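**Student:** The following block contains the structure, expressed as structure tokens.
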Amino acid sequence: SDHMENIYGYLMKYTNLVTGWQYRFFVLNNDAGLLEYFVNEQSRHLKPRGTLQLAGAVISPSDEDSHTFTVNAASGEQYKLRATDAKERQHWVSRLQICTQHHTEAIGKNNPPLKSRSFSLASQGSANSPGVQRRPSQNAVSFFNVGHHRLPTGKRVPIMQPDHLVDVREMMSQAEGQQRDLIRSIECLPVSGHLTSLDQDLLMLKATSMATMNCLNDCFHILQLQHASQQKGSLPAGTTISWLEPKISLANHFKNGAAQNFPAEVNKPASVREEQSIADPCQLTREPEEINPDEEVEDICDDKEDDLGAVEEQRSVILHLLSQLKLGMDLTRVVLPTFILEKRSLLEMYADFMSHPDLFIAITNGTTPEERMIRFVEYYLTSFHEGRKGAIAKKPYNPIIGETFHCSWRMPKSDIATDTGSNFSAHSPSEQVTLSKDLEGQTELDYYTVKFVAEQVSHHPPVSGFYAECLERKMCVNAHVWTKSKFLGMSIGVTMVGEGLLSLLEHGEEYTFSLPCAYARSILTVPWVELGGKVNINCVKTGYSASINFHTKPFYGGKLHRVTGEVKQNTTNTVVCRVQGEWNSVLEFAYSNGETKYVDLTKLSVTRKRVRPLERQGPFESRRLWQHVTESLRDGDIDKATEHKRALEERQRNEERLRAETETSWCTKYFLKEGDGWVYHKPLWKTVFAAQTQQTDTN
């Protein structure tokens with residue numbers, strides 16, 4: 001009770017990916033069992049901006065660093081907070097835990113234990129109903145995994161539970177038995193006839209019942225954890241408490257809950273054995289390879305992703321998969337069924353965002369900082385339409401660590417929008433000398449070349465780096481993206497964490513930008529993609545910035561794929577351009593001078609990328625690496641595609657395990673870690689600066 005005083009002070013609160021961390025004034029109200037926060041201390045007399053009930057909450061110090069901790073309320077709401085140092089975090093955590101324990105115990109005293117009773121979810125009319133068959137209560141240890149390294153094998157640490165938890169466990173055991181019988185009854189139905197095991201309503205019942213039981217088990221597990229934390233004296237030092245894992249391996253369940261049978265090793269095709277036997281990329285040459293654009297040829301591949309048949313045919317697989325997932329669950333380590341895959345790697349998808357190189361090159365032709373910012377916004381908003389292949393929401397291949405993708409575009413100079421005084425011949429004499437040295441040995445060409453390279457630099461977390469440059473126009477873009485996917489019920493959300501940097505070396509300008517979130521909606525029917533979230537583009541040197549909002553469709557009414565934005569001069573806070581429309585249809589640009597411009601994305605010309613023939617690509621270049629999966633998908637052979645995909649994933653796991661055993665760190669090929677980001681090893685701003693320095697020394 002000596003520690004039950006009210007405490008208050010400033011903490012940082014994590015809001016979302018866009019807003020990030022914000023200082024807020026927090027008050028711990030011990031009498032009411034509430035954690036409240038306000039915008040600042042001065043607004044403390046006003047209504048709190050947020051309130052959490054601490055009874056039943058879980059207070060957890062984070063393993064991210066020594067300053068962060070989370071407050072998980074029984075309602076499901078969570079505050080992620082950060083103190084100024086480890087000492088202050090410990091102060092808040094200990095006071096919150098004391099308050100939480102006090103109010104949780106008070107609730108327990110005021111609410112008597114539930115009386116043990118049996119019940120049936122099935123019809124009461126049948127004596128042979130699974131619901132009335134008594135099932136022995138399962139050992140709590142199977143739901144609350146407790147182990148100790150000093151205990152002899154086979155012994156378990158007994159967990160003393162209050163009576164009401166024992167009663168709940170008993171009822172849940174009965175419900176689990178009935179749910180298993182329900183699933184068994186559904187799966188025993190014939191595959192044809194009036195009522196089949198593939199009936200859509202029964203499959204939905206099967207999926208939702210499994211999800212419900214998983215959710216109830218997790219809730220019960222949290223109660224046990226909380227009780228164990230209150231009974232610390234009963235657990236020996238060193239005891240570990242592990243979270244429950246899904247009861248069914250997702251990787252082995254593709255066909256309506258049945259494990260997929262793959263051929264034995266000796267019967268595997270040579271291509272699969274080849275995929276499994278390719279050496280660790282770190283054992284291959286990791287020296288950066290300079291790709292000559294002259295070796296690349298125009299891409300003739302045109303894989304459309306509008307086939308809805310596979311989704312309808314595999315609906316039972318989707319339902320089974322959904323039954324294993326939980327709201328908010330991270331899908332990074334979940335193996336998804338093969339039929340939902342696009343016929344390209346994620347690295348190639350990033351390249352397809354560059355399919356309008358004329359708009360990209362035209363950015364640097366703007367005569368003023370204002371015009372260059374507006375041109376960048378125009379290019380940025382037109383890139384997403386071509387990045388998506390078709391209307392259906394399918395997922396690109398998850399790149400293997402060390403995987404790379406190279407391509408280029410050739411753009412006739414006559415097709416680039418220019419302005420007086422901003423064309424290529426307007427470089428200063430020193431710039432012309434630098435460029436002539438960069439292009440030494442080359443004849444004057446009538447086209448510009450944009451080169452692109454991407455590399456998967458990390459597996460956990462999955463991070464991709466990509467870089468594009470136009471040497472002739474002295475402009476380049478460097479970006480790194482960490483894709484975080486989560487299950488949201490009837491949709492999947494993908495957050496693109498990271499940052500991009502566009503460098504216009506002719507003007508000495510750098511533009512930072514972020515990427516929107518993506519959502520796969522209606523995954524049980526006809527899945528479709530929409531973008532959402534706020535992104536910012538900023539140029540510190542010129543003081544211009546852009547704020548763009550990708551609007552998700554509201555529950556009732558509203559338009560799909562809507563986007564709005566504005567370009568602003570930060571110094572004067574003047575809006576110089578407003579944008580509205582749809583990111584995959586028509587965009588309207590309204591300028592401060594009263595002019596309006598419309599861009600119809602469906603009519604924009606797409607420049608085909610140039611890639612090296614498959615036989616000239618390295619073993620870890622995307623198209624060669626995934627060629628057998630892609631060919632099988634084109635042929636409609638899902639089983640064969642799955643086999644090749646599993647071979648690649650298994651090889652990656654083996655290599656990762658070997659590196660962990662030998663304590664060998666991963667070595668990237670084209671990108672270097674700098675701070676929290678990844679930067680191309682030879683960006684244009686370094687090579688041009690080096691050439692200019694050499695020219696100055698020579699003079």
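The values are calculated or read from the model by the stated rules, or taken from the named source; none is laboratory data. These numbers were taken from a predicted model, which means no experiment stands behind them. Neighbour counts run over all protein chains shown; Cβ positions are idealised from the backbone, glycine included. Note: accessible area is taken over every heavy atom of the protein model, side chains too, but ligands, DNA and RNA are not part of it. Shrake-Rupley method; radii C 1.70, N 1.55, O 1.52, S 1.80 Å.
**Student:** So which strands (runs of 3 or more DSSP E) stay within region 585-691 end to end and still have 3 or more residues that are among the charged types (D, E, K, R)?
**Tutor:** By residue number, no strands (runs of 3 or more DSSP E) qualify.
**Student:** Let me ask something additional. Do you know which of the residues in region 45-77 that are of a type in the set (S, T, Y) and more than 22 Å from C215 (Cα to Cα) is least open to solvent (accessible area, probe 1.4 Å)?
**Tutor:** This residue is T68.
**Student:** Out of curiosity, is S592 over 26 Å from K413 (Cβ atoms), surrounded by 14 or more Cβ atoms within 10 Å (Cβ to Cβ) and touching a residue at least 12 places away in the same chain (Cβ under 8 Å)?
**Tutor:** no
**Student:** Here's a check for you: in region 677-689, which residue that is in contact with a Gly (Cβ under 9 Å, 6 or more places away or on another chain) and of a type outside the set (A, V, I, L, M, F, W, C) is nearest to G402 (Cα to Cα)?
**Tutor:** Y680
**Student:** Between residues in region 551-562 that are modelled with pLDDT of 80 or more and residues that are among the aromatic types (F, W, Y) and part of a strand (DSSP E or B), which pairs lie under 7 Å by C-beta distance while being six or more apart or on different chains?
**Tutor:** These pairs meet every condition: T552/Y519.
**Student:** Of everything in region 472-493, what is crowded, with 19+ Cβ neighbours inside 10 Å and aliphatic (A, V, I, L, M)? Give them in sequence order.
**Tutor:** Scanning region 472-493 gives M475, V477, A479, V481, I492.
**Student:** Residue by residue through region 626-639, note down the ones that are in contact with a helix residue (DSSP H, G or I) (Cβ under 7 Å, 6 or more places away or on another chain) and either open to solvent by less than 20 Å² (accessible area, probe 1.4 Å) or at pLDDT 90 or above (or both).
**Tutor:** Within region 626-639, Q627, H628, V629, S632 meet the criteria.
**Student:** Let me ask something additional. Which residue, of V579, V599, is at pLDDT below 95 and not aromatic (F, W, Y)?
**Tutor:** Going through V579, V599 in turn, the sole match is V599.
**Student:** Considering each residue of region 458-482, count those that are among the hydroxyl-bearing types (S, T, Y) and either over 23 Å from the mean Cα position of the chain (by Cα) or within 10 Å of Y680 (Cβ to Cβ) (or both), and give that number.
**Tutor:** Total meeting the criteria: 1.
**Student:** If a residue must be exposed (fewer than 13 other Cβ atoms within 10 Å of the Cβ) and of a type in the set (A, V, I, L, M, F, W, C), how many such residues does region 542-574 contain?
**Tutor:** Qualifying residue count for the region: 1.
Yes/no per residue for (1) in a strand (DSSP E or B); (2) touching a strand residue (DSSP E or B) at 6+ places or on another chain (Cβ under 8 Å); (3) in contact (Cβ under 8 Å) with a residue 40 or more places away in the chain; (4) not assigned by the TED database to the domain that holds S408:
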| residue | (1), (2), (3), (4) |
| --- | --- |
| Y467 | yes, yes, yes, no |
| R473 | no, yes, yes, no |
| N478 | yes, yes, yes, no |
| K484 | yes, yes, yes, no |
| G489 | no, no, yes, no |
| G493 | yes, yes, no, no |
| E499 | yes, yes, yes, no |
| S503 | yes, yes, yes, no |
| H507 | no, no, yes, no |
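**Student:** How many residues are open to solvent by less than 80 Å² (accessible area, probe 1.4 Å) and farther than 30 Å from E510 by Cα if we restrict to region 663-691?
**Tutor:** Summing the residues that are open to solvent by less than 80 Å² (accessible area, probe 1.4 Å) and farther than 30 Å from E510 by Cα in region 663-691 gives 2.
**Student:** Against the condition modelled with pLDDT of 95 or more and open to solvent by less than 60 Å² (accessible area, probe 1.4 Å), how does V535 come out, does it pass?
**Tutor:** Against the criterion (modelled with pLDDT of 95 or more and open to solvent by less than 60 Å² (accessible area, probe 1.4 Å)), V535 does not qualify.
**Student:** So which pairs qualify, if the first residue must be in region 656-669 and within 18 Å of Q456 (Cα to Cα), the second must be of a type in the set (F, W, Y), the Cβ gap must be under 8 Å, and the two must be at least 6 apart or on different chains?
**Tutor:** From residues that are within 18 Å of Q456 (Cα to Cα), the pairs are R659/W666; T668/W678.
**Student:** So, in region 348-374, exactly how many residues are crowded, with 23+ Cβ neighbours inside 10 Å and of a type in the set (D, E, K, R)?
**Tutor:** Number satisfying all stated conditions: 2.
**Student:** Here is a list: E643, E650. Which entry is in the same structural domain as P461 (by the TED database) and open to solvent by less than 50 Å² (accessible area, probe 1.4 Å)?
**Tutor:** The conditions single out E643.
**Student:** Additional query: Residue under question is E440, and the condition is that it be among the charged types (D, E, K, R) and at pLDDT 95 or above; does it hold?
**Tutor:** Spelling it out, it is not the case that E440 is among the charged types (D, E, K, R) and at pLDDT 95 or above.
**Student:** Follow-up question, since we're still on this one. Answer with yes or no whether S485 is of a type outside the set (D, E, K, R), modelled with pLDDT of 90 or more and more than 28 Å from E296 (Cα to Cα).
**Tutor:** no
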